[in-house]
Amino acid sequence: MKKSTASIVLLLALFVFTSSCKHDPWVPTSFNPSPDDTVTTSLGCDPDTVYFVNDVLPIFTSSCAMSTCHDAISAREGVILTDYLHIMSTGHIHAGDPQTSSAYHSLNAGGENHMPPIGSGVVLTQDQKDAIYNWILQGAANNSCTETTCDSTSVSYSGSVVPILELYCFGCHSSTSAPNSGGGVALEPYSNLMTYVNNGFLIGDITHQNGYNAMPLGGNKLDDCKIGTIRNWINEGAQNN
């Protein structure tokens with residue numbers, strides 16, 4: 001009887017163990033996590049290369065990884081788009097093949113499968129879709145680059161500030177997305193942005209000062225050059241130029 005009881009206990013333990021593995025996140029066969037996949041490189045920027053940290057992650061964090069959608073807490077439909085490992089696994093990224101990668105395919109899908117959801121106010125530009133497409137096509141690496149030169153002194157609203165806001169902020173804080181995902185804070189058009197320039201919230205948020213909301217929400221702090229660009233534009237009068 002003792003031997004039989006021990007056997008039953010062993011079988012139950014094996015059942016519990018194997019059952020607990022059924023909900024492990026699915027990872028595409030083309031993705032094999034290693035230290036090289038989680039440590040970004042720091043190289044001069046190649047204009048023909050799409051860099052995950054510089055070009056792709058800001059799109060996901062600004063337009064997808066929001067509360068009730070694909071942040072770590074909401075994880076809608078099990079998809080988390082806050083960082084490289086989660087984007088690769090739960091976004092079902094197939095390196096080299098954008099069309100079979102769910103995170104890209106959904107950007108052009110119809111109806112309820114379209115992401116960001118139709119009616120949410122969050123709309124990706126064609127350039128942003130192309131960036132994700134080309135990043136996957138180029139191998140979906142966890143890569144980054146550092147500009148060898150950075151000029152934050154020759155600044156303008158249209159040429160310097162808007163591109164930064166478009167990549168890092170407008171996903172939540174455009175005139176169309178703000179009511180649904182940006183807490184009513186719209187950083188466009190220019191007249192709206194000036195409200196947050198004049199009350200100090202724009203510079204306070206992006207520099208992560210105490211008492212302000214660290215922005216981009218859930219993302220990395222903007223680099224010194226981008227912060228300097230916005231700060232210098234404000235110091236020069238925040239002109240609509």
Helices (runs of 4 or more DSSP H) within region 132-228 that include 3 or more residues farther than 21 Å from residue 47 by Cβ and open to solvent by 30 Å² or more (accessible area, probe 1.4 Å): 178-181, 190-198
Any residue in region 101-115 that is within 14 Å of the chain's Cα centre (by Cα), modelled with pLDDT under 90 and part of a loop (DSSP other than H, G, I, E, B)? yes
Scan region 49-74 for residues that are open to solvent by 30 Å² or more (accessible area, probe 1.4 Å) and not acidic (Asp, Glu) and report the count. 8
Among the residues of region 82-136, which ones are in contact (Cβ under 8 Å) with a residue 40 or more places away in the chain, in contact with a Gly (Cβ under 8 Å, 6 or more places away or on another chain) and hydroxyl-bearing (Ser, Thr, Tyr)? 82, 90
So is residue 124 farther than 26 Å from residue 101 by Cβ and either modelled with pLDDT of 80 or more or surrounded by 15 or more Cβ atoms within 10 Å (Cβ to Cβ) (or both) or not? no
Taking residue 89 as the residue in question, decide whether it is over 20 Å from residue 172 (Cα atoms) and assigned to a helix (DSSP H, G or I). yes
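The values are calculated or read from the model by the stated rules, or taken from the named source; none is laboratory data. Note that the structure is predicted; figures quoted are calculated from it, not measured. We place every Cβ from the backbone using ideal geometry, glycine too, and count neighbours over all the protein chains shown. With ligands, DNA and RNA removed, areas are computed over all heavy atoms of the protein, side chains included. Shrake-Rupley method; radii C 1.70, N 1.55, O 1.52, S 1.80 Å.
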